[in-house]
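> After the structure tokens below, expect a handful of questions from me.
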Amino acid sequence: MISSLLLISWLITQVDTPQSFKVLWPAVVALLTILIFKQAALGLAMGALIGCISLSHGDIFSAIKNLTTDHFFPSMQGSWRIGAILFTLVMGSFAVVIEKGGGFTALAQKFLTQEKNNGRRVETATGLMGLMCFFDGLANSLLLGKIMRPLADRAGVTRAKLAYLVDSTSSSIACMAFISTWIATQLSLIQQSIDGRGIEDSAYSLFLQSIPQNYYCIFTLILVALVIWRRWDMGPMHRAKLSRKEVEITTHSSTSMWVALIPILVLALAIVSLFYLWETSPIFPITTDKLTKSFSGNAGPYALTLGSIIGLATAYFLFPKSAKQSASYAVKNGAASMLTPLFILIMAWTFGSVMKELGTAKWLADAIGSQFSPDYFPAAVFITGALISFLTGSSWGTMALMMPLALPAYLDMATDQPTLITAVIAAVFSGAVFGDHCSPFSDTTIVSAFACGVSAQEHVITQLPYALLAAATAFSVGFIGLGTGLPPWLSIIIGTVTLLTCACFFTRKKETP
């Protein structure tokens, strides 16, 4: 397969082919490779190599040299890139230390010891703990699934419903959280796409502005709350089998829930404080204007890295003394677990660098700009990202593939007033997470199903109606609404009312104890 793609790519350089084919072929190769091998890093690497073959006019040796010296190694240079790598490794360790420390387990056991454990109480606890475990989507799914499954069995909540709550909450909150294992990847992709474009706002500032327009993630979390409130079992979820089991209640007096909650609080406060302290002078008085400017400066890589180290040190210090040796293994294993995502990130930087030299974004901007208004570009990005994410099963791979193409293309289209730049960023993230929720190949889908004790197939089938409803609302009310001039806050209100109406209408004949 790979040799065939290389041969085809070489032949393309030897014949007279349209410019459109040359600039898009590397992206097509990347997508095909990800689809076939289910490896995002391999796909991005193949796309970058094919792009370099095109740039070197078929000279494969020169292409490899160009890929290595002009794109791969330079992609890891600069404070943002180094900071992203370090932060991702530290946050991987932080997530595993928190998990192994047992704080979340202790928190869940407070619900287990209650005599009244109705379904809504368990579902609410699952949703709230999912929001608290914002720092990593995959760890969130695995941790909550394992902790809450016995409680769900006892309270009469189907495991399919539990898997939906865990999966939908984990990826959505991790995508929007300003501190997570995702944020370094998100910020670095944004920064790479705006370099040299004259954008005054920092990557972090653009990310924060994009959150109210990340409609799929927002509407998914709102829908989760409505599903819990109305006990809404839609379609296949209503037919899911119940695994009711009486579980033995166990407690660990040596472990406190504060083992998890304090490090998370310290992590958040440390990063926010470092953002403020890094470039703010004088420090006092603290004003809204100073806080806003602090996130628009150059403190991002330094605040994230140092703040995450402080959070990890706190989690390590509070780790139960009886199992202190396990903390060291957790630090190592957590960092090691992020090596694959890191390689995807590095190859995304490399791929984006090659696509920039090829001029793919400029070609896309000219082609799309002649067809429809830039105002609807975010809607197109959302649909494209959702399809890619569904087919590949990788939200990270989708972000890595889409951001270097979509954001520069939009900036080339809207050269005068790029007012929807944050909407394009949000559309990439929304599309990536939507497809990730629906895809049977997704790592979070598989992990959520495994942790909750259901098959991946059942999880996808039962979750799909909810994901489609949230996506349809995000597309029609959110991104299309943006194109018509609807303010983000009004889109969220209309979307919420729409989801609330659906929830009440379809559960109107059902008691919701």
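The numbers here are math on the coordinates, done by the rules we state, and not lab data. All values reported here derive from a predicted model rather than from experimental measurement. In this analysis, Cβ positions are derived from the backbone assuming ideal geometry, glycine residues included, and neighbour counts consider all displayed protein chains.
> How far is helix 300-318 tilted off the main Cα axis of the chain, in degrees rounded to 10, range 0 to 90?
Helix 300-318 sits roughly 30 degrees off the main axis of the chain.
> If you take the square roots of the eigenvalues of the alpha-carbon gyration tensor of the stretch 178-229 and sort them as a ≥ b ≥ c, do you get rounded (a/c under 1.5), prolate (a/b over b/c) or oblate?
Prolate is the answer for the stretch 178-229, as a/c is 1.5 or above and a/b outweighs b/c.
> Okay, next question. Using DSSP to call loops (not H, G, I, E or B), can you name the GluC sites (Glu not before Pro) in the stretch 96-204 whose Cβ has at most 16 other Cβ atoms within 10 angstrom? Each step should come with its number before you reach the end.
Numbers: sites: GLU99, GLU115, GLU123, GLU200; in loops: GLU115, GLU200.
For GluC sites (Glu not before Pro) across the stretch 96-204 that sit outside H, G, I, E and B with at most 16 neighbouring Cβ atoms in 10 Å, the list reads GLU115, GLU200.
> Extending each Cα 7 Å along its Cβ direction at THR415 and MET132, get the distance between those two points in nm, one decimal.
Distance between label points: 5.3 nm.
> Could you check the spin-label model distance between ASP289 and ILE2? Points 7 Å from the Cα along Cα→Cβ, value in nm.
Simple spin-label model gives 5.7 nm for this pair.
> Now for a different question. Report Rg (one decimal) and Dmax (nearest whole number) for the stretch 444-513, counting Cα atoms only, units Å.
That works out to 15.8, 45 Å for Rg and Dmax.
> In addition: Which FRET efficiency, nearest 0.05, do PHE61 and LEU277 yield, Cβ-Cβ r, R0 60 Å?
0.75
> For the stretch 1-72, what does the alpha-carbon gyration tensor say about shape, rounded, prolate or oblate, given a ≥ b ≥ c as the root eigenvalues, a/c under 1.5 as rounded, and a/b over b/c as prolate? Intermediate values should be presented prior to the final figure.
Numbers: a/c = 1.74, a/b = 1.19, b/c = 1.46.
Oblate.
> If you find the alpha carbon centre of the stretch 423-439 and of the stretch 151-165, how far apart are they in angstrom?
26
> Restricting to DSSP H runs of at least four residues, report the calculated mean residue ellipticity at 222 nm for the chain, -39500 (n - 2.57) per run over all residues, nearest 500 deg cm²/dmol.
Dividing the helical sum by the residues of the chain leaves -23500 deg cm²/dmol.
> Moving on. Using unit Cβ charges (K, R positive; D, E negative) and no other charged atoms, how large, in debye to the nearest 20, is the dipole of the chain about its Cα centre?
1820
> Filter LYS38/LYS362; LYS65/LYS356; LYS146/LYS321; LYS161/LYS332 down to the pairs with a C-alpha to C-alpha distance above 26 Å, please. Walk me through the numbers before you get to the answer.
Details: LYS38/LYS362 29 Å; LYS65/LYS356 17 Å; LYS146/LYS321 23 Å; LYS161/LYS332 33 Å.
The answer is LYS38/LYS362; LYS161/LYS332.
> Would you please classify the overall shape of the stretch 45-106 from the alpha carbon gyration tensor, given that a ≥ b ≥ c denote the square roots of the eigenvalues, rounded means a/c under 1.5, and beyond that prolate means a/b larger than b/c while oblate covers the rest?
In terms of gyration-tensor shape, prolate.
> Fewest to most neighbouring Cβ within 10 Å: what's the order for VAL447, VAL266, VAL354? Mind dumping the intermediate values first?
Values: VAL447 22, VAL266 19, VAL354 28.
Exposure proxy ranking, most exposed first: VAL266, VAL447, VAL354.
> Right, another one. Spin-label point model (7 Å from Cα, Cβ direction): what's the ILE36 to ARG197 distance in nm?
Between ILE36 and ARG197, the simple spin-label model gives 3.2 nm.
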